[in-house]
1. Going residue by residue through segment 264-285, is there one that turns out to be crowded, with 21+ Cβ neighbours inside 10 Å, among the small types (Gly, Ala, Ser), in contact (Cβ under 8 Å) with a residue 40 or more places away in the chain and part of a loop (DSSP other than H, G, I, E, B)?
2. Residues PRO220, PRO234, PRO254: which one is touching a residue at least 12 places away in the same chain (Cβ under 8 Å) and assigned to a loop (DSSP other than H, G, I, E, B)?
3. Please count how many residues of segment 134-153 are open to solvent by 60 Å² or more (accessible area, probe 1.4 Å) and either more than 26 Å from SER199 (Cα to Cα) or among the small types (Gly, Ala, Ser) (or both).
4. Take the residues of segment 154-197 that are in a loop (DSSP other than H, G, I, E, B) and open to solvent by less than 40 Å² (accessible area, probe 1.4 Å): which is modelled with the lowest pLDDT?
5. For HIS301, which of the numbered conditions (1) farther than 30 Å from LEU51 by Cβ; (2) out of contact with any Leu (no Cβ under 6 Å at 6 or more places or on another chain) fails to hold?
6. Can you tell me which residue among SER309, SER348 is surrounded by fewer than 16 Cβ atoms within 10 Å (Cβ to Cβ) and hydroxyl-bearing (Ser, Thr, Tyr)?
7. For segment 286-306, give me each residue that is under 30 Å from LEU329 (Cβ atoms), open to solvent by 20 Å² or more (accessible area, probe 1.4 Å) and not charged (D, E, K, R).
8. Go through (1) among the charged types (D, E, K, R); (2) touching a residue at least 60 places away in the same chain (Cβ under 8 Å); (3) in contact with a strand residue (DSSP E or B) (Cβ under 9 Å, 6 or more places away or on another chain); (4) open to solvent by 50 Å² or more (accessible area, probe 1.4 Å) and name the single condition GLU53 misses.
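The values are calculated or read from the model by the stated rules, or taken from the named source; none is laboratory data. Keep in mind the model is a prediction, meaning the values are calculated, not measured. Cβ coordinates were reconstructed from backbone atoms using ideal geometry, including for glycine residues, and neighbour counts include every protein chain displayed. We work out accessible area using only protein heavy atoms, side chains counted, and drop any ligands, DNA or RNA first. Shrake-Rupley method; radii C 1.70, N 1.55, O 1.52, S 1.80 Å.
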Amino acid sequence: MWVHSWLGLIGGIVVVLIGLTGSFIVFYREIDAALNPALYASAGPEQIVTLTEVMRAAATADTAPISTIVAPDRTWPVWVVIHTHESEKGRYPNRWTTMVDPSNGKVLGRRDYTNAFALTVYRLHYTLLLYEWWGKEVVGVVGFILLSLALSGLYLWWPRQGRFWRSISVRKGVSFHRFLVDIHNTAGFWALIELLVISITGVGIVFPDVVRPVAGILSPATPDPSPRIETPPPKGTPLLPADAIVRIAQATRPSLTVAMLNPPTEMRNTWRVLFRPEGADPAVRSRGAIWIDPWSGAVVHDRTSDAMSMGDRYMTEQLWLHNGATFGLIGRLLVFTAGFAPLALFISGGIMWLKKRPARTN
């Protein structure tokens, strides 16, 4: 009880903030599209513009290097090209986006993506807007606090035989204190599984090197690769066009849909192509990737589901378990609802703690 109470009092406000922002970002792409309809309004359903044309249009609108290209899907039915602008060392990356209509290649608009409303809420959830002050690590620690609260709460709640349903329902005609206890127990019980999954995967997202050895006990789990061509061809050797990269990727994994692409960089001179299963919830932004030699078109590394161990698949799936997308719309709705549970638990638990204090001091 002492551990549960003080963890809730010390970390409760931050847990509530992360819970509420987490509920928001479960649907942040849908919210962003609703708030900025002109940026996502394609002139027609056809997708006839090639990737080369998309990159050319985006480069004309914004000359900064292209770091990521997001393919059209049901939520964002346009090409979203992310440019990385220079930023101060240690600061959150300065990213801008250019939206390109897939039916005619026209630029629909560009904006400061890092400070857009939806991504600002995302950054609040992920780093508490303290990116340069170990904000991400603080959120990871809060994940441990949430996990401890859930487990200690389960221990304190565990009912005596025959009192299970009474312990997970809110009764009428009881005292205010009993009503608060019922609210606390009921909210904690019905959100328990979701909160455990959210806290465990949240810790894994922030501290993958801590979780990977644990996952590796059951199945090999390897760090994310960044393969490069160690001996590139002579300078001046022509690069394959972006369209060829897409064709090679699609031919390599015909049962999957190309979801995102990362062009070569100075540190990684290969194309990275990320896939999404056909028909998957668009919230599953990617599930597996291949790296392609930009000169020859050879597949340098395969990290799609068929080629990964169960440990690697779990590490890849953590984000989609975290936001519920692994289980489609139902999973996302469950996580969305669970995000409000910390608020109910913090308010009810805080009032219960305050009401007990006078009894302890007398």
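1. So far as segment 264-285 goes, yes, one or more of its residues are crowded, with 21+ Cβ neighbours inside 10 Å, among the small types (Gly, Ala, Ser), in contact (Cβ under 8 Å) with a residue 40 or more places away in the chain and part of a loop (DSSP other than H, G, I, E, B).
2. Criteria check complete, one pass: PRO220.
3. The number of residues fulfilling the criteria is 0.
4. Step by step, filter segment 154-197, then rank; the result is ILE168.
5. Among (1) farther than 30 Å from LEU51 by Cβ; (2) out of contact with any Leu (no Cβ under 6 Å at 6 or more places or on another chain), HIS301 violates only (1).
6. The match here is SER309.
7. Correct list: SER305 only.
8. (2)
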